[in-house]
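What follows is a short report on a single structure.
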Amino acid sequence: MQRAAQRDDRDDQRAQRDRRAGRLRRALVCAAAVPVVFAAAACSSDSGSDAKDSTGAGQTVDNSSGDSSVNASPSVAAAAFKKLPEPCAALTAKTLDELAPGAAKKGKASRSDDTASRAGCSWSSLDNNGVKGSQFRWLNVSLNRFDSSAGRGSGEEQAKAYYAKQVSSAKAVPGAKNTKSESVAGAGDEATAVRYDLKKKEGAFKQQTVVVRVENAVVTLDYNGAGLAGEKAPDAVALTKSAEKAAKEAAASVAAANGRGTAPGSGSDSGKASPTPSKSASKSAKPSPSTSAKASPSKSASKKS
């Protein structure tokens, strides 16, 4: 019986060794199989690439992948307008004499590091009536043009956004009273006129802002007037009509500068206003342009979405 028990023990030990050996074998097989699978996959991939290359399909995939990372971008429409007119000559002398009497040849160009994209000019006049008071006028034309780019989109879309921003800003001037806005017919692709009253220490000002978009360019015309030293305030409706007329003229000048249509005043006796250096601002007007609710002309002309 002792020998039988010993045989049973040996059998059990042998069985355990076999089980352990089996587990180890399976582990080794699995371990060895992993590199084989990787190698097979690599060979399969290589053969597949060779097959594609032989038909040209492999090269097409590779090239398209490279192009998508470097050159692929949505097509953007080219900008219609490539330049801006001379800002101080954007309005005719006749129009300037109507809006700012005596200031037609005293335009002050705004500073700009890129006059093909941003430009502006301002005029001011003071009609002194002695003891009856004075009439003050300030006019500013700001021209902004937008180029198309893959990052920012088409010039026209950028101009649309800037146009909306300018209109919104004109409607939200701090301290403005009796604000009214209306669309302007016959001016570019879209146009809006905003008018309001603004009380300053110099007097009560009537402010008009007309924003016009034509293709990828935006014209912002600011025009204000005030009766000073006892003179009655100017009529807001009349000022708005004058501002709208001038804004249409400036928009037409932008188009004409790019070969579309005829520049306002061309062929007539009125001609264009003669621009003068930026230092030649009108010395006769005592109130500074800061009486306007708008920013200074140089800042207005440099705005860009």
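The values are calculated or read from the model by the stated rules, or taken from the named source; none is laboratory data. Since the structure is predicted, the reported quantities are computational estimates derived from the model, not experimental observations. We place every Cβ from the backbone using ideal geometry, glycine too, and count neighbours over all the protein chains shown. To get the accessible areas, we keep the full protein, side chains included, count just its heavy atoms, and leave off ligands, DNA and RNA. Shrake-Rupley method; radii C 1.70, N 1.55, O 1.52, S 1.80 Å.
Tabulated results
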{"read-out": "Looking only at region 236-258, and only at residues there that are within 26 Å of the chain's Cα centre (by Cα), among the charged types (D, E, K, R) and under 23 Å from Thr179 (Cβ atoms), the one that is surrounded by the fewest Cβ atoms within 10 Å (Cβ to Cβ)", "value": "Lys245"}
{"read-out": "Selection within region 188-226 - hydroxyl-bearing (Ser, Thr, Tyr) and either more than 20 Å from Ser110 (Cα to Cα) or more than 16 Å from the chain's Cα centre (by Cα) (or both)", "value": "Thr192, Tyr196, Thr209, Tyr223"}
{"read-out": "Residue in region 117-133 that is β-branched (Val, Ile, Thr), under 17 Å from the mean Cα position of the chain (by Cα) and not in a strand (DSSP E or B) present", "value": "no"}
{"read-out": "Any hit, region 145-168, residues being in contact with a Phe, Trp or Tyr (Cβ under 8 Å, 6 or more places away or on another chain) and either under 23 Å from Lys232 (Cα atoms) or of a type in the set (Val, Ile, Thr) (or both)", "value": "no"}
{"read-out": "Among the residues listed as Glu98, Glu86, the single one being touching a residue at least 60 places away in the same chain (Cβ under 8 Å), surrounded by fewer than 22 Cβ atoms within 10 Å (Cβ to Cβ) and over 28 Å from Ala204 (Cα atoms)", "value": "Glu86"}
{"read-out": "Of the criteria (1) closer than 19 Å to Ser125 by Cα; (2) modelled with pLDDT of 95 or more, which one Ala250 fails", "value": "(1)"}
{"read-out": "Qualifying residue in region 135-142 (condition: under 29 Å from the mean Cα position of the chain (by Cα), within 30 Å of Ala233 (Cβ to Cβ), among the polar types (S, T, N, Q) and part of a strand (DSSP E or B))", "value": "yes"}
{"read-out": "Hits in region 198-244 - residues which are part of a strand (DSSP E or B), modelled with pLDDT of 95 or more and of a type in the set (Gly, Ala, Ser)", "value": "Ala217"}
{"read-out": "Residues satisfying the stated conditions in region 174-196, i.e. part of a strand (DSSP E or B) and open to solvent by 40 Å² or more (accessible area, probe 1.4 Å)", "value": "Lys177, Asn178, Thr179, Lys180, Ser181, Glu182, Ser183, Glu190, Arg195"}
